[in-house]
């Protein structure tokens, strides 16, 4: 089992930055129309494990059931995270681990999920 660590991340231009406590286990790569097109690999964490450290201008996007509020940087367009609810209604933050700045690219493993069929 991997160790829980605090990781840092940001959009491409740095206007939006964050810290997240995660063990990088249970990562998900989804084939829904949104995630697949953007190439997301997501870690789902509780809101208390996520902290925005630089909150530049952002735009919000929702789709499908509108339960997840996807945030992206107004300057560079990168979506670092989203806030929403799990299926059981509990709050969560979905972190795009491809925006983590302190891990080696492709040093993780993600489970592929058929979100297209939901």
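Of all residues being part of a loop (DSSP other than H, G, I, E, B) and at pLDDT 95 or above in the range 1-22, which is nearest to residue 85 (Cα to Cα)? Just the residue, please.
The residue in question is 11.
If we keep just the residues of the range 3-16 that are closer than 14 Å to residue 79 by Cβ and more than 12 Å from the chain's Cα centre (by Cα), which is surrounded by the most Cβ atoms within 10 Å (Cβ to Cβ)?
So the residue we want is 16.
Among residues belonging to the range 91-106 that are out of contact with any helix residue (DSSP H, G or I) (no Cβ under 9 Å at 6 or more places or on another chain) and free of Cβ contacts under 8 Å to residues at least 40 places away in the same chain, point out the one that is farthest from residue 28 (Cα to Cα).
Selected residue: 104.
Answer with yes or no whether residue 52 is within 19 Å of residue 84 (Cα to Cα) and either in contact (Cβ under 8 Å) with a residue 60 or more places away in the chain or in contact with a helix residue (DSSP H, G or I) (Cβ under 6 Å, 6 or more places away or on another chain) (or both).
no
The values are calculated or read from the model by the stated rules, or taken from the named source; none is laboratory data. Bear in mind that the values here come from a model prediction, so they are computed numbers and not experimental data. No Cβ is skipped: glycine too gets one built from the backbone with ideal geometry, and neighbour counts run over all protein chains shown.
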